[in-house]
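Peer 1: Before I ask anything, let me first share the structure, which is written out below as C-alpha cells.
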Amino acid sequence: LVTLLERTMEEAQDASEKSSIAMEIARLYRDEIGDGNRFTEWADKAWNLSKEDPQVVVEIVDYIFGTENAAAAGPYLEWLVNYLEAKRRLKELPGYANKLGRILESSGDTRRAVEYYRICHEHDVTNLANSLALARLHMHHNELEKATRVLQALLLRIDSLDASSKREVLLSLARINQARNDPKKARQFVTRLLSEQPDCAEAREMLSRL
C-alpha cells in the first residue's frame, strides 16, 4: 500500500494533493506499521509540501511529545502557535503555547519562554501550572510588577493549588513586598503560609528577618 501511495504521490500535480498523500503514508507508518521515525519523516514531508493544514503539525507534535525527545517539537509548535494566533483559534492556542514555553524554559531560553507562557495565560487563566511558571520566570528576571499581577490572580485560586505551589505563591509575594520595603505586608504572607505549613523552614527563616 505504501508503494502504491508513493507512486500516486509522484503522479500528483498539486502540492496540496501531494501533502495529503504524504500524510496518509505517514499515518500508515504510525498506525499500521509502528515505525515512528518513518511517520515523522513523511509527516514532515507533508508539512513542507503544503503548510496550510495545522492538523498535520498537531499530529507531529502529539507524536513527538509521546517520545523522549519533546524538544524536537519546538519548531513545529512555534509555527502552530503563530498559525492559531493569526487565525484567532483561541480555544486551541493556550495548550500549545504552554508546551512551547516549557520546551524553551528547559532549554534555558527563559525570555522566549515568558512570551509563550504569557500567551497561554492571556487566553486560559485556569491553567495554574502555566501561571506559576510565568510568575516564576518574571521573578527570575526581577520583573516584580508583572510577577505580582500573575501571583495575585493565583492567590484568588490558592485553594486549588497543592502545598508546594501554595508555598511558592506566598513566599514569592512575601519576597516582592520585602523588596518594596513593606515588611508588614511581607510578614502577612509568611504568617499565612506558616499557619498552613508550620514546618516550612524557608518561611520561618524569612519571618525571623522581617
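The values are calculated or read from the model by the stated rules, or taken from the named source; none is laboratory data. What you see is a predicted model, and the numbers here were worked out from it, not measured in a lab. Cβ coordinates were reconstructed from backbone atoms using ideal geometry, including for glycine residues, and neighbour counts include every protein chain displayed. Calculation scope for accessible area: heavy atoms of the full protein, side chains included, ligands and nucleic acids excluded. Shrake-Rupley method; radii C 1.70, N 1.55, O 1.52, S 1.80 Å.
Peer 1: Which pairs turn up if I take residues in segment 116-135 that are of a type in the set (Lys, Arg) and look for partners that are surrounded by fewer than 23 Cβ atoms within 10 Å (Cβ to Cβ) and part of a helix (DSSP H, G or I) with beta carbon separation below 9 Å, at least 6 apart in sequence or on another chain?
Peer 2: 118/146
Peer 1: Report yes if residue 46 is touching a residue at least 24 places away in the same chain (Cβ under 8 Å), on the phi < 0 side of the Ramachandran plot and surrounded by 16 or more Cβ atoms within 10 Å (Cβ to Cβ), otherwise no.
Peer 2: Here the answer is yes, as residue 46 does meet what is asked.
Peer 1: Same structure, new question: Tell me which of these residue 115 doesn't satisfy, since it passes every other one: (1) in a helix (DSSP H, G or I); (2) over 30 Å from residue 88 (Cβ atoms); (3) open to solvent by less than 80 Å² (accessible area, probe 1.4 Å).
Peer 2: (2)
Peer 1: Suppose we filter 102, 192 for residues that are open to solvent by 40 Å² or more (accessible area, probe 1.4 Å), closer than 30 Å to residue 62 by Cα and not aromatic (Phe, Trp, Tyr); which single one remains?
Peer 2: Being open to solvent by 40 Å² or more (accessible area, probe 1.4 Å), closer than 30 Å to residue 62 by Cα and not aromatic (Phe, Trp, Tyr) holds for just one of 102, 192, which is 102.
Peer 1: What pairs can you find where one residue is in segment 195-210 and closer than 15 Å to residue 172 by Cα, the other is of a type in the set (Lys, Arg) and surrounded by 10 or more Cβ atoms within 10 Å (Cβ to Cβ), and their Cβ atoms are less than 6 Å apart, with a gap of 6+ or different chains?
Peer 2: 210/187
Peer 1: Still on this structure, I have one more. Take residue 38 and tell me if it is more than 21 Å from residue 18 (Cβ to Cβ) and either open to solvent by less than 30 Å² (accessible area, probe 1.4 Å) or in a helix (DSSP H, G or I) (or both).
Peer 2: So residue 38 does not fit the description; no.
Peer 1: Determine if segment 13-26 includes at least one residue that is under 26 Å from residue 94 (Cα atoms), open to solvent by 20 Å² or more (accessible area, probe 1.4 Å) and part of a helix (DSSP H, G or I).
Peer 2: Checked against the condition, which is being under 26 Å from residue 94 (Cα atoms), open to solvent by 20 Å² or more (accessible area, probe 1.4 Å) and part of a helix (DSSP H, G or I), segment 13-26 yields no hits at all.
Peer 1: Does segment 64-99 hold any residues that are over 18 Å from residue 50 (Cα atoms), of a type outside the set (A, V, I, L, M) and in a helix (DSSP H, G or I), and which are they?
Peer 2: Of everything in segment 64-99, those that are over 18 Å from residue 50 (Cα atoms), of a type outside the set (A, V, I, L, M) and in a helix (DSSP H, G or I) turn out to be 65, 74, 85, 94, 95, 96, 98, 99.
Peer 1: Of the residues that make up segment 148-169, is at least one farther than 15 Å from residue 112 by Cα, modelled with pLDDT of 95 or more and in contact with a Phe, Trp or Tyr (Cβ under 8 Å, 6 or more places away or on another chain)?
Peer 2: No - not one qualifying residue is present in segment 148-169.
Peer 1: Further, regarding this structure: Collect the residues in segment 164-182 that are outside any loop (DSSP other than H, G, I, E, B) and open to solvent by 60 Å² or more (accessible area, probe 1.4 Å), keeping them in residue-number order.
Peer 2: Of everything in segment 164-182, those that are outside any loop (DSSP other than H, G, I, E, B) and open to solvent by 60 Å² or more (accessible area, probe 1.4 Å) turn out to be 164, 167, 175, 178, 179.
Peer 1: Could you list, in sequence order, the residues of segment 101-112 that are in contact (Cβ under 8 Å) with a residue 24 or more places away in the chain and either under 21 Å from residue 143 (Cα atoms) or part of a loop (DSSP other than H, G, I, E, B) (or both)? Before the answer, list the steps.
Peer 2: Taking segment 101-112 as the starting set, the residues that turn out to be in contact (Cβ under 8 Å) with a residue 24 or more places away in the chain are 101-107, 110-111.
Those that are in contact (Cβ under 8 Å) with a residue 24 or more places away in the chain and either under 21 Å from residue 143 (Cα atoms) or part of a loop (DSSP other than H, G, I, E, B) (or both): 101, 102, 104, 105, 106, 107, 110, 111.
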